[in-house]
1. Return the residues of the range 1-54 that are in contact (Cβ under 8 Å) with a residue 24 or more places away in the chain and of a type in the set (Phe, Trp, Tyr); say none if nothing qualifies.
2. Does Val44 count as within 12 Å of the chain's Cα centre (by Cα) and assigned to a strand (DSSP E or B)?
3. Could you check the range 42-70 and list, in sequence order, the residues that are more than 12 Å from Arg85 (Cα to Cα) and open to solvent by 50 Å² or more (accessible area, probe 1.4 Å)?
4. Looking at the range 1-41, which of the residues that are under 17 Å from Glu77 (Cα atoms) and either more than 12 Å from the chain's Cα centre (by Cα) or not hydrophobic (A, V, I, L, M, F, W, C) (or both) is most open to solvent (accessible area, probe 1.4 Å)?
Amino acid sequence: MEFLLFGLLAVLLVFMIFNTRKRTKAMKAEQEEKATKTVPGVKVLLQGGIYGTIVAYDPEDLDSPALVEIAPGTIIEVHSQAILRIVEPKDVVVDEVVADDAAAPAVDVETPEETRARLERDSDDK
């Protein structure tokens, strides 16, 4: 009877070790993917629920703060691990506008390249 309990304990320990290793590998791969995608000009979601655009980020030194622009001209320093995820742009479907409707103002959305160029211009002016 005791032999059966020790066998069951050994099986549970082996299962726990393999499960932990699998989860650790998945988390490490996710962190590496996030680090490679986190470049200036990319839109991100911070852990506080704030959306912003990366201005500066050092993937090698995670202790140095990342600079995130949360509004035009408003740049904050956050811990690099406060970046929760990269926000992928969604495909926007634009419905046809009926000719009778009043012309609505168009909303300009900056591309990452335009954001990077604007930030470089702003930093040169200072």
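The values are calculated or read from the model by the stated rules, or taken from the named source; none is laboratory data. The structure displayed is predicted, hence computed values, not measured ones. In this analysis, Cβ positions are derived from the backbone assuming ideal geometry, glycine residues included, and neighbour counts consider all displayed protein chains. In case anyone asks, the SASA skips ligands and DNA or RNA and just uses the protein heavy atoms, side chains included. Shrake-Rupley method; radii C 1.70, N 1.55, O 1.52, S 1.80 Å.
1. Result: Tyr51, single match.
2. Against the criterion (within 12 Å of the chain's Cα centre (by Cα) and assigned to a strand (DSSP E or B)), Val44 qualifies.
3. Asp58, Pro59, Glu60, Asp61, Leu62, Asp63, Pro65, Leu67, Ile70, listed by residue number.
4. So the residue we want is Pro40.
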